[in-house]
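Only the coordinates and a few stated rules stand behind these numbers; no lab work does. Every value quoted in this text rests on a predicted model; they were computed, and no experiment measured them. FYI the Cβ positions are ideal-geometry reconstructions off the backbone, even for glycines, and counts take in every protein chain you see.
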Amino acid sequence: MTESLKSVPHHIAIVMDGNGRWAQKRLLPRLAGHKKGVDALRNCVALCGERGVRVLTVFAFSSENWKRPEDEVSGLMGLMASALAKEVTSLKANGVRLHCVGNRSQLGEKVRAGLEDAEAQTAGNERLILNVCFNYGGRWDIAQAAERLCAQQLPITEEALTEAMSLAHVPDPDLLIRTGGEMRISNFLLWQAAYSELYFSEALWPDFGAKELDAAIADFQQRQRRFGKTGEQIVQAKSNKHSSAKH
Ligand code: IPE
Ligand code: IPE
Ligand code: MG
C-alpha cells in the first residue's frame with residue numbers, strides 16, 4: 001500500500017454550506033440550491049466510496065435552522081423526505097449504510113418514517129457509513145448524552161459521554177470540511193471534532209465535486225496530527241513503526 005493510500009481519512013465530516021448563495025447567484029429560489037445540494041451529496045458519497053473513506057458525516061439541517069423562513073423550512077423537510085425515498089435504492093447498491101443523527105422527536109411523521117425506513121433498508125451495508133445530521137446540534141448531543149447518563153445514575157466521565165453521544169458508532173472525524181467560505185463550526189460536532197483537521201473550502205456546496213474533495217484530502221495528507229504530543233515524538237513513533245514492520 002502506498003503512503004498516500006494509507007492516509008486517506010477514515011472519517012470525513014462536512015458542513016454542507018452555500019446552497020442558498022448558489023441559488024441566489026442564479027436568481028433562483030433558495031430551495032433550488034438545496035435540491036442541487038442533494039445532487040452534490042450523492043456525488044460526494046460515491047467519491048468517498050471510491051477514495052476508500054469509510055465514514056462520511058454531513059450536516060444537513062441544524063437545530064438553529066428552524067429559525068429560517070417557514071417556506072424554506074418546510075421545503076427542506078419535504079426535500080429530506082423525498083431524498084430518503086429516492087436515494088435508498090442507490091445507497092443499497094453502493095453498500096452505504098445510512099444513519100440519521102439528531103433530535104427526531106421534533107420531526108414530522110413523514111420525515112421520521114422515511115429515515116427509519118432508509119436506515120432499516122441499508123442496515124446490512126458495510127462499505128461506507130453515511131451519517132446525515134438532521135435537526136442536529138453539537139450542544140444538543142452533549143446535553144442528551146448527559147441526560148441519558150443521569151437517568152441511569154451513571155457517573156459523567158469522558159468515556160461514558162462519548163459512548164452516549166449520537167456518533168458513538170464511529171470513530172471521531174479525521175477531517176472536517178466546511179464549504180461556502182465561512183470559517184466557523186455553527187454547532188456541528190462540538191465534542192467529536194476535538195482533534196479533527198479543519199479545512200475550509202470557498203466552493204459553494206452544490207459546486208463541491210471531485211476536484212474540491214481531492215484538494216481537501218491532499219491538504220489533510222500534509223498535516224502532522226500531534227494529539228498533544230511534540231512533532232519529534234510523532235516522527236519517532238512513525239520510524240519505530242516502519243522499522244518494526246520491516247523485521
Ligand atoms: C446550507 O446552505 C444548507 C442548510 C443550512 C440547510 P445554506 O442554506 O446555509 O446556504 P447559504 O449559507 O445561505 O448560502
Ligand atoms: C450550518 O450552516 C448548518 C448546515 C450546513 C446544515 P448555516 O448556514 O446554518 O450556518 P450559519 O448560520 O451561517 O452559522
Ligand atoms: Mg449557510
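Given L189, L213, L198, which one is on the phi < 0 side of the Ramachandran plot and assigned to a strand (DSSP E or B)?
L198
Which residues, taken from segment 16-30, are surrounded by fewer than 18 Cβ atoms within 10 Å (Cβ to Cβ) and either away from ligand 2 (no atom under 11 Å from the Cβ) or at positive phi (or both)?
Of everything in segment 16-30, those that are surrounded by fewer than 18 Cβ atoms within 10 Å (Cβ to Cβ) and either away from ligand 2 (no atom under 11 Å from the Cβ) or at positive phi (or both) turn out to be Q24, K25, R26, L27, L28, P29.
Conditions first: (1) more than 16 Å from ligand 2 (Cβ to nearest atom); (2) within 21 Å of the chain's Cα centre (by Cα); (3) closer than 29 Å to W140 by Cβ. D71 passes all but one, so which condition is the exception?
In the conditions (1) more than 16 Å from ligand 2 (Cβ to nearest atom); (2) within 21 Å of the chain's Cα centre (by Cα); (3) closer than 29 Å to W140 by Cβ, D71 misses (2) alone.
Please count how many residues of segment 151-165 are surrounded by 11 or more Cβ atoms within 10 Å (Cβ to Cβ) and assigned to a helix (DSSP H, G or I).
So the answer is 5.
Yes or no: G181 small (G, A, S), out of contact with any Leu (no Cβ under 6 Å at 6 or more places or on another chain) and within 16 Å of ligand 3 (Cβ to nearest atom)?
yes
Can L130 be described as surrounded by 13 or more Cβ atoms within 10 Å (Cβ to Cβ) and in contact (Cβ under 8 Å) with a residue 60 or more places away in the chain?
yes
For segment 203-227, what are the residues that are closer than 16 Å to L176 by Cβ and acidic (D, E)?
Result: E212, D219.
Can you tell me which residue among R42, R68 is without any contact (Cβ under 8 Å) to a residue 60 or more places away in the chain, farther than 15 Å from I217 by Cβ, surrounded by fewer than 17 Cβ atoms within 10 Å (Cβ to Cβ) and touching an Asp or Glu at 6+ places or on another chain (Cβ under 8 Å)?
Only one candidate passes the filter, namely R42.
Residues being surrounded by 14 or more Cβ atoms within 10 Å (Cβ to Cβ) and over 17 Å from C48 (Cβ atoms): count how many of those fall in segment 173-188.
Looking only at that region, the number is 5.
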